[in-house]
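Data block below; observations after.
The values are calculated or read from the model by the stated rules, or taken from the named source; none is laboratory data. The structure displayed is predicted, hence computed values, not measured ones. Here the Cβ positions follow ideal geometry from the backbone for every residue, glycine too, while neighbour counts run over all protein chains shown. For the accessible areas, the whole protein counts, side chains as well, though only heavy atoms, and no ligand, DNA or RNA atoms are used. Shrake-Rupley method; radii C 1.70, N 1.55, O 1.52, S 1.80 Å.
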Amino acid sequence: MPYEFSWDPSLLGYLHTGHLSDRRPPPESFYRTRAYMAATGNQQDSKGGAIAALLVGSGEYTTGFVRGGHASKSDKNKGVVGLVFFDLRHRGLIGDRVLIAGTNGKKFPKVREHFKSAIGDFYDMSVKCETFPKDDVGRDTKAYLAAMDTLKKGDIVTVFTPDDTHFEIVMEAIKRGLHVMCTKPMVKTLEQHRKIVAAAKKAGVLVAIEVHKRYDFIYEDARQRIRNLGDFGHFVSYMSQPKFQLETFRAWAGKSSDISYYLNSHHIDFHVWAMQGRAKPISVLGVAATGVAKKMGIPAEDTITLTVQWLNLKSKNIGTAVYTASWVAGQADVHSQQRFFYMGHKGEVKIDQAHRGYTTAGDEKGSFA
């Protein structure tokens, strides 16, 4: 019997948002937002107000700091989101205010020390930031609300928190007229996704999912080639992280979310993007392997595989896809193994992103490795 777990197959077609997904021009109102000014090198709005950025979530991806009160042993030991916004400020692309909201204020003194040694001293860059809750507060799950209340309409919020918290945080930001970038998956149900899209349109703000493979130049190139390979035939992807990473995720793994939402979402999103307007998923079967995580006392699947049938819209031909994600891999030469193989009716594309490998084959000349 296959191992059963919950999955909403409708999300396969909703892992991206509206006009941002196919690179169509954004709405005219976008060009009056601070997000646009930040992107074009102007850190002030028409009234001279500086752009502030609130980073919700104070874990590994934002700060590089993990459970146990030390820097991560992964490839994110400097953090990612905090580093990016300190750099944006350093280059004059946002204003002076960078805020970080977590749930445990008592860890922030060590976080600030970590920022200073890992980023400030290393890059000769300011790591000044406002933190919420205060340093003497042991736990406040709503600290982000106090931080949001200090922002102005048009400021920026990033959300890198456990998956089951995204919806409430994103909706609170939208309600205040703040632009949002949320880590994948935005939410885990189609109903919540639609509510976010409707609220963002009503408020006139930008809401985007941080699916960064869309901005990797190899994946961008592959997408264009895939769209010239005729009907879709087969897609297989694999993405993993070493099992020691489960200790970092212990607080939410198997509770707030699972490894499929965490890692499969990358290649599902890429595939959906590549197939946009060409094919759609029509059935989903999920199976999982267990044992390693449970032995560690974590109520999560080790590896999840989704097998999906796709329908080519014009020809009605059927394609198949197999997406696999795991967080019990051994320690390899890379932190995260990540690769995919695509077969169209007129050729193939294969990418091993971790090792920057990229090959194609086709019925016509022009293949390369």
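Could you check segment 118-139 and list, in sequence order, the residues that are in contact with a helix residue (DSSP H, G or I) (Cβ under 7 Å, 6 or more places away or on another chain) and among the charged types (D, E, K, R)? If the condition is that a residue be in contact with a helix residue (DSSP H, G or I) (Cβ under 7 Å, 6 or more places away or on another chain) and among the charged types (D, E, K, R), then LYS134, ASP135, ASP136 are the ones that fit.
For segment 309-320, the count of residues that are touching an Asp or Glu at 6+ places or on another chain (Cβ under 6 Å) and surrounded by 15 or more Cβ atoms within 10 Å (Cβ to Cβ) is nonzero. When HIS166 is tested against (1) farther than 19 Å from ALA52 by Cα; (2) open to solvent by 10 Å² or more (accessible area, probe 1.4 Å); (3) outside any loop (DSSP other than H, G, I, E, B), only condition (2) is not met. Yes or no: ASP155 open to solvent by less than 10 Å² (accessible area, probe 1.4 Å) and of a type in the set (Asp, Glu)? Yes, satisfied. Scanning segment 212-238 for residues that are open to solvent by 10 Å² or more (accessible area, probe 1.4 Å), on the phi < 0 side of the Ramachandran plot and outside any helix (DSSP H, G or I) gives ASP216, ARG227, ASN228, LEU229, ASP231, GLY233, HIS234, VAL236, TYR238.
Scanning segment 322-345 for residues that are at pLDDT below 95 and part of a loop (DSSP other than H, G, I, E, B) yields GLY330, GLN331, ALA332, ASP333, VAL334, HIS335, SER336. Only one of the numbered conditions (1) open to solvent by 50 Å² or more (accessible area, probe 1.4 Å); (2) under 26 Å from ALA50 (Cα atoms); (3) touching a residue at least 60 places away in the same chain (Cβ under 8 Å); (4) not polar (S, T, N, Q) is violated by ALA208, and that is (1). Scanning segment 169-202 for residues that are open to solvent by 50 Å² or more (accessible area, probe 1.4 Å) and either assigned to a helix (DSSP H, G or I) or of a type in the set (Phe, Trp, Tyr) (or both) turns up MET171, LYS175, GLU191, GLN192, ARG194, LYS195, ALA198, LYS201, LYS202. For segment 82-125, the set of residues classified as aromatic (Phe, Trp, Tyr) and open to solvent by less than 40 Å² (accessible area, probe 1.4 Å) consists of PHE85, PHE86, PHE108, PHE115, listed by residue number. The residue of segment 278-307 that is surrounded by the most Cβ atoms within 10 Å (Cβ to Cβ), among those that are under 24 Å from GLY230 (Cβ atoms) and without any contact (Cβ under 8 Å) to a residue 60 or more places away in the chain, is ALA279. Remark: pairs (first residue in segment 112-137, in contact (Cβ under 8 Å) with a residue 24 or more places away in the chain and assigned to a loop (DSSP other than H, G, I, E, B); second residue of a type in the set (Asp, Glu) and surrounded by 14 or more Cβ atoms within 10 Å (Cβ to Cβ); Cβ separation under 8 Å; 6+ apart in sequence or on different chains) = MET125/ASP87; PRO133/ASP140. Report whether or not GLY79 is modelled with pLDDT under 95, within 25 Å of the chain's Cα centre (by Cα) and surrounded by 19 or more Cβ atoms within 10 Å (Cβ to Cβ). Spelling it out, GLY79 is indeed modelled with pLDDT under 95, within 25 Å of the chain's Cα centre (by Cα) and surrounded by 19 or more Cβ atoms within 10 Å (Cβ to Cβ).
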